[in-house]
1. Calculate the dipole size of the chain relative to its Cα centre from +1 charges on Lys and Arg beta carbons and -1 charges on Asp and Glu beta carbons; express the result in debye to the nearest 20.
2. Count charges around Arg106 for me, please; just the other residues with Cβ under 9 Å from its Cβ, Lys/Arg as +1, Asp/Glu as -1.
3. Using a 7 Å offset from the Cα along the Cα-to-Cβ direction at both Lys92 and Tyr152, what is the distance between the two label points in nm, to one decimal?
4. With the full set of protein chains in place, find how many percent of the accessible area of segment 17-162 is carbon and sulfur; take the probe as 1.4 Å.
5. Which one is right for this structure if percent of Cα pairs over 28 Å apart is calculated from it: (1) 13; (2) 39; (3) 17?
6. As a test of the definition: which semi-axes, in Å, follow for segment 45-131 when you take the square root of five times each eigenvalue of its alpha carbon gyration tensor? Largest first, please.
7. Sorted from largest to smallest, which semi-axis lengths in Å does the alpha carbon gyration tensor of segment 104-153 give for its equivalent ellipsoid, taking the root of 5 times each eigenvalue?
8. List the residue ranges in the chain for DSSP H helices whose C-alpha atoms run 15 angstrom or more along the long axis and whose Kyte-Doolittle average is -1.0 or above.
Amino acid sequence: MSRPKTHDAAEDGDNGVDDAVRALLLLMPRMVGRAKKIPVPEVLQSLALAPRHLSLLSYLLFDGPMTVNELAARLQVAPTTVSLLVGDLSRKGILERREDEADRRRRIIGIADDQQPAITAWLAPGAAAWRKALGPLTPDQRQLFVNTLLAYEAAVSGQEQG
């Protein structure tokens, strides 16, 4: 009976990359599955929130109210895209827009006060888990981890910068 050829780290210089890839191929589906099982609070269930809403809400929850342009820069999308998301979430009563005291032409976007507890309860456990996982790392190690995830996302989406 023949055995499949195994990679020898010394042979191709991968220094255990294949072992790490195997571990991540097993881990990533479990992580995604667990994230999908985080229950959406009952008051938000009927609102059909999508992942793009989750990212926007996360920024507002952790960084506080900001302008559409600030949100667009953080989400790395066009301001018109954020305006559409904000409009959708405002109509659903999740977000509120108010005038910027420094410039009355600008609008500041924030989570509606009555929605804050549900959104906090929904997003806080994930943030706490990331803090626990990243806390023991040095700032350089944390940045390396984030950069690695960004590189993976780019490679999977075909946007890899070579």
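The values are calculated or read from the model by the stated rules, or taken from the named source; none is laboratory data. Given the structure is predicted, the values throughout are model-derived calculations rather than measurements. Quick reminder, even Gly has a Cβ in these numbers, built from the backbone with ideal geometry, and neighbours come from all protein chains shown. Please note that ligands, DNA and RNA were not included when accessible areas were found on the heavy atoms of the full protein model with its side chains. Shrake-Rupley method; radii C 1.70, N 1.55, O 1.52, S 1.80 Å.
1. The calculation lands at about 540 debye.
2. The answer is 0.
3. For the pair Lys92/Tyr152, the computed spacing is 2.7 nm.
4. Reported share for carbon and sulfur atoms: 58 percent.
5. (2)
6. Those come to 21, 14, 14 Å.
7. Three semi-axes, in Å: 30, 18, 10.
8. Taking the DSSP H segments of the chain (at least 15 Å long, mean hydropathy at least -1.0), we get 17-36, 51-63, 79-91, 116-134, 139-157.
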